[in-house]
Amino acid sequence: MHTSRITLDYEQRLWEQGKVHVAGIDEAGRGPLAGPVVAAAVVFARGMSIPEVNDSKVLTERSRETLYAQIMSDALGVGVGVIDHTTIDALNILNATYKAMHTAVGNLSLLPDFLLIDGNRFDESSIPFMTIVDGDALCFSIAAASIVAKVTRDRLMKEYDAKFPDYGFAKHKGYATPEHREAILRMGYCEIHRRSFELNTQLALDFE
């Protein structure tokens with residue numbers, strides 16, 4: 001059982017400063033060897049909270065799915081940005097993550113007054129923002145965004161599993177598990193693998 005540290009403290013301070021639409025932003029999929037990086041931006045009405053919301057990493061898949069539906073129902077706005085493996089290879093994963101976050105904000109149905117972003121840095125924004133280390137474990141709006149991003153990406157990876165059934169994407173979601181590494185050694189990369197994640201030498205070493 002994980003004790004939640006999630007609060008509305010960050011949002012509350014901004015609401016008190018007159019910021020009406022505060023967006024929490026997080027991503028899923030920076031580390032995997034395959035598939036897209038996905039970001040979500042979520043805006044709630046002032047004072048709105050969902051007690052069970054937590055960092056997506058500490059929730060079960062079933063809990064994430066249930067909370068995803070509630071977030072989509074209760075939020076004032078939800079935007080998602082999906083950046084594919086080809087763009088990740090072209091931009092590098094950090095810049096692709098920024099692009100996913102900008103896309104998510106751009107896909108909101110309303111314009112945020114302020115962005116709360118998980119992590120320790122962001123590139124630039126015409127909208128004022130704050131980065132929060134471990135924000136997905138501390139800030140309600142960011143935690144909600146982490147759930148939306150994770151569920152969205154996991155669903156995409158299950159679709160890819162149907163197209164590339166020999167890699168186990170539905171199980172490991174593209175992360176570098178032993179099973180995934182072994183599949184790459186056995187069959188090579190498939191269409192959705194990130195070619196910029198150069199692991200061929202390391203893979204060979206791991207299985208000597």
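The values are calculated or read from the model by the stated rules, or taken from the named source; none is laboratory data. Remember, it's a predicted structure, so these values are computed and weren't measured experimentally. Here Cβ is always computed from backbone atoms with ideal geometry, including for glycine, and neighbour counts include all displayed protein chains.
Taking the residues in region 106-162 that are among the polar types (S, T, N, Q) and outside any loop (DSSP other than H, G, I, E, B) as candidates, determine which candidate is farthest from the chain's Cα centre (by Cα). Explain how you work it out, then say what you get.
We begin by selecting, within region 106-162, every residue among the polar types (S, T, N, Q); these are 107, 109, 120, 125-126, 131, 141, 146, 152.
Okay, now just the ones that are also outside any loop (DSSP other than H, G, I, E, B), so 131, 141, 146, 152.
Details: T131: 15, S141: 13, S146: 5, T152: 8 Å.
Among those residues, the one meeting the criterion is T131.
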Selection from region 175-196 of residues under 23 Å from the mean Cα position of the chain (by Cα) and not in a helix (DSSP H, G or I) yields Y175, A176, T177, C190, E191, I192, H193, R194, R195, S196
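May I ask you to list the residues in region 79-105 that are of a type in the set (S, T, N, Q) and either part of a loop (DSSP other than H, G, I, E, B) or at positive phi (or both)? Break it down into steps so the answer makes sense when it comes.
Going residue by residue through region 79-105, those that are of a type in the set (S, T, N, Q) are 86-87, 92, 95, 97, 103.
Scanning region 79-105 gives a single hit, N92.
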Residues in region 167-179: is at least one modelled with pLDDT of 95 or more, in contact with a Ser or Thr (Cβ under 9 Å, 6 or more places away or on another chain), hydrophobic (A, V, I, L, M, F, W, C) and surrounded by 16 or more Cβ atoms within 10 Å (Cβ to Cβ)?
no
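Look at D161 and say whether it is crowded, with 17+ Cβ neighbours inside 10 Å, acidic (D, E) and touching a residue at least 40 places away in the same chain (Cβ under 8 Å).
Answer is no for this residue.
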Every pair of residues 6+ apart whose Cβ atoms lie under 8 Å, when the first sits in region 130-145 and is touching a residue at least 24 places away in the same chain (Cβ under 8 Å) and over 10 Å from R5 (Cα atoms) while the second is acidic (D, E) and not in a strand (DSSP E or B)
S141/E11; I142/D136; A143/D55; A143/D136; A145/D136
Return the residue satisfying two criteria in turn: it lies in region 47-75 and is out of contact with any helix residue (DSSP H, G or I) (no Cβ under 9 Å at 6 or more places or on another chain) and not in a helix (DSSP H, G or I), and of such residues it is modelled with the lowest pLDDT.
P51
Taking the condition of being among the polar types (S, T, N, Q) and surrounded by 15 or more Cβ atoms within 10 Å (Cβ to Cβ), how many residues in region 87-109 meet it?
4
